[in-house]
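Structure first, then comments.
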Amino acid sequence: MRKVRLLAAAAMSLAGCGYQVAGKADLLPRNLETIAVPAFQNLTVRYKLADRLPAAVTREFITRTRYRVVVKPEEADATLQGALVSYQAFPVIFDQRTGRASGIQVVVLLSVTLTDRAGKVLFTRPQMDFRERYEISVTQDAYFEENEIALERLSRDVARTLVSSVLEMF
């Protein structure tokens, strides 16, 4: 009988341990069903990235959450507004033989705000920075432009991080 009590006590203590899988929280109000992700404002001279970001964020919301993404903000329970505030690209690695840049670091600064239909701010980050590094071939015969691929990777990273931050209010 004592073994049964010990086993039951152990099972109860393990069942209520409080552990959960990270990245699965959804701390947004339960009444939200739809989210609009309009075009991001672009305050930089880099034009393609501002177009990619809302599309990547939309894909991330669709694949990872229960929310339905709509086009028109007036049809949504909440709207995620974003702005590409800063875009910088600078060399970080140089070829010793030629002196030319062979590695580029991209740093992007975003401002995002999620507001509900009544205008209440549910989530805001005025300065989210993201970084991506890519390499440049130093020989012309092996030259391959990785800039576009790096921006695609950056867009996916921004979307993953942003959606997780919104859901977890982090």
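Observations
- Gain on full stretching of the segment that runs from ARG68 to THR113 - 0.36 nm per residue minus C-alpha separation: 14.4 nm
- Looking at the range 43-121, the trypsin sites (Lys or Arg not before Pro) that sit in a DSSP loop and have at most 11 other Cβ atoms within 10 Å of their own Cβ are ARG66, ARG97, LYS120.
Every number in this text was worked out from the coordinates using simple rules, so none of it is lab data. Keep in mind that what you see is a predicted model, and the values were worked out from it rather than measured. Here Cβ is always computed from backbone atoms with ideal geometry, including for glycine, and neighbour counts include all displayed protein chains.
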